[in-house]
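Every number in this text was worked out from the coordinates using simple rules, so none of it is lab data. Worth saying up front: this structure is predicted, and the values here are computed from it rather than measured. Neighbour counts run over all protein chains shown; Cβ positions are idealised from the backbone, glycine included.
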């Protein structure tokens, strides 16, 4: 009561700890999106952060608010090493869950046929960063990264489907990191004239 501060009735209430959980890949490549599946309170300013292992509470390199939903993406650091993904409360910067992640240098691999006929379709198995504009291409050896005979965006799927050049000769299959205009991997391929 307001006049006497006398309690007229009471009921017990148990307050439990706030819980969260993270599901992240064990390894990612530098400066690529990390897909994070999470559960947690999803308060207005809660966020998923990438931090160096052992970093103090409230420190981060990159983050994404949980209001983006689950799963969400957070950017991997630009430097290889050992890091953590954390679920952090926006009010107090308290970490509710953490998961380790190893950030590796950029790299790619290609598996393509050694030869094919001019104009034929080929399938190329690949692994790489898979950034939105990355692509797999057939090009002349020594040509610039964005000069090619045929290409397929990595986001179109794996294997990538390409068409061999119409002119016979020696070419290479490439994985091209579009943002950097750099070639991460190559595999030689010989194009022969179709049988008469």
Residue with peak Gaussian network fluctuation, the chain [Cα springs, cutoff 10 Å], from 26, 139, 42: 26
Proxy reagent accessibility, fewest Cβ within 10 Å first, across 83, 60: 60, 83
Which label in (1) 1.02; (2) 1.22; (3) 1.56 gives the computed Cα Rg over 2.2 N^0.38 Å: (3)
FRET efficiency for residue 17 and residue 146, using Cβ-Cβ distance with R0 set to 45 Å, rounded to 0.05: 0.30
Contact order relative to length of the range 21-104, as percent, for alpha carbon pairs under 8 angstrom and 6 or more apart: 38 percent
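I need 175, 65 ordered by Cβ neighbour count within 10 Å, fewest first.
On the way: 175 26, 65 14.
Starting with the residue having the fewest Cβ neighbours, the order is 65, 175.
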Label-point separation in nm, residue 75 to residue 127, each point 7 Å along Cα→Cβ: 2.6 nm
Alpha-carbon centroid distance for the pair the range 17-64 / the range 135-180, whole angstrom: 35 Å
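Which of the peptides 124-131, 166-173 is most tightly packed, and how do the rest follow, going by the mean number of other Cβ atoms within 10 Å of each residue?
On the way: 124-131: 18.9, 166-173: 16.4.
Ranking the peptides 124-131, 166-173 by packing returns 124-131, 166-173.
Taking 0.36 nm per residue of sequence separation and subtracting the Cα-Cα distance, how much length would be gained by fully extending the chain between residue 193 and residue 43, in nm to one decimal? Before the final figure, lay out each step's value.
On the way: separation 150, 0.36 × 150 = 54.00 nm, distance 6.32 nm.
Contour length minus the Cα-Cα distance gives 47.7 nm.
Using Cα-Cα distances under 8 Å and only pairs 6 or more residues apart, what relative contact order does the chain have, in percent?
Details: 493 pairs, mean separation 33.8, N = 196.
That works out to 17 percent.
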Rough spin-label spacing in nm, given labels placed 7 Å along Cα→Cβ, for residue 115 and residue 167: 2.0 nm
